[in-house]
Amino acid sequence: PIVDTYNAISMDLVLPLGAYDLSILEGNLQLRVTTTSEDFYAIGSDNNDPTLVNEIIYSDEKTVLTRQFLWRQADKGKITNQTKSFVFVNELLDMGEEQVANARKKIEDKFKELLNAEVVNLSIQRK
């Protein structure tokens, strides 16, 4: 249900969205650029498909979780039927304040409505 919910929101808002199971992550979630090639095991694969140098990834302290922002996901951190707590991420690219506020409200409303989820912290950070 979690994946279905954020996929529905993604299609509705036309935004890339993703989520990670907090119980599996080691340390902090990071959005960063690789400085060397790093191991990456895609969902359902036992084969290492190393990242490129200077590739944009999400990772925890030990493992690459997604490559090319949220495009390719690893098994580690994936949402399952046992997931109880997760962090939800998206990239709001070149959006105005009104669009950001609309996206924020829709995301929060849909998680509450469809998952009966308690939204603990929904923050939008501009860089």
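The values are calculated or read from the model by the stated rules, or taken from the named source; none is laboratory data. Source: prediction; values computed, not measured. Protein only, heavy atoms only, side chains kept; ligands, DNA and RNA dropped before computing areas. Shrake-Rupley method; radii C 1.70, N 1.55, O 1.52, S 1.80 Å.
A compact table of results
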quantity: Euclidean distance of C-alpha centroids, segment 1-16 and segment 60-103, integer Å; calculated: 11 Å
quantity: Exposure ranking of PHE86, PHE69, PHE111 by accessible area [1.4 Å probe, largest first]; calculated: PHE69, PHE86, PHE111
quantity: Rounded tilt (10° steps) of 2-13 against the dominant C-alpha axis of the chain; calculated: 70 degrees
quantity: Solvent-accessible area of ARG72 with every protein chain in place, 1.4 Å probe, in Å² to the nearest 10; calculated: 70 Å²
quantity: Interchain or long-range residues, amide H under 5 Å from GLU55's placed H; calculated: THR34
quantity: Protein accessible area in the chain, 1.4 Å probe - carbon and sulfur %; calculated: 49 percent
quantity: Folded to 0 to 90 degrees: helix 97-115 orientation relative to the chain principal axis, Cα; calculated: 90 degrees
quantity: List GLU108, GLU55, ordered by accessible area with a 1.4 Å probe, largest first; calculated: GLU108, GLU55
quantity: Solvent-accessible ranking of SER23, SER10, SER37, largest area first, probe 1.4 Å; calculated: SER23, SER37, SER10
quantity: Rg ratio (alpha-carbon, reference 2.2 N^0.38 Å) - the chain; calculated: 1.08
quantity: In order through segment 23-39: 3J(HN,Hα) via Karplus (6.51 cos²θ - 1.76 cosθ + 1.60), integer Hz, x for Gly, Pro; calculated: 5, 9, 5, 10, x, 7, 6, 10, 9, 8, 9, 5, 9, 9, 6, 10, 4
quantity: Accessible surface, per residue, of segment 1-122 when the full set of protein chains is kept, probe 1.4 Å, Å²; calculated: 62 Å²
quantity: Gain on full stretching of the segment that runs from ALA101 to GLN68 - 0.36 nm per residue minus C-alpha separation; calculated: 9.3 nm
quantity: Shape of segment 14-58, Cα gyration tensor, a/c cut at 1.5; calculated: rounded
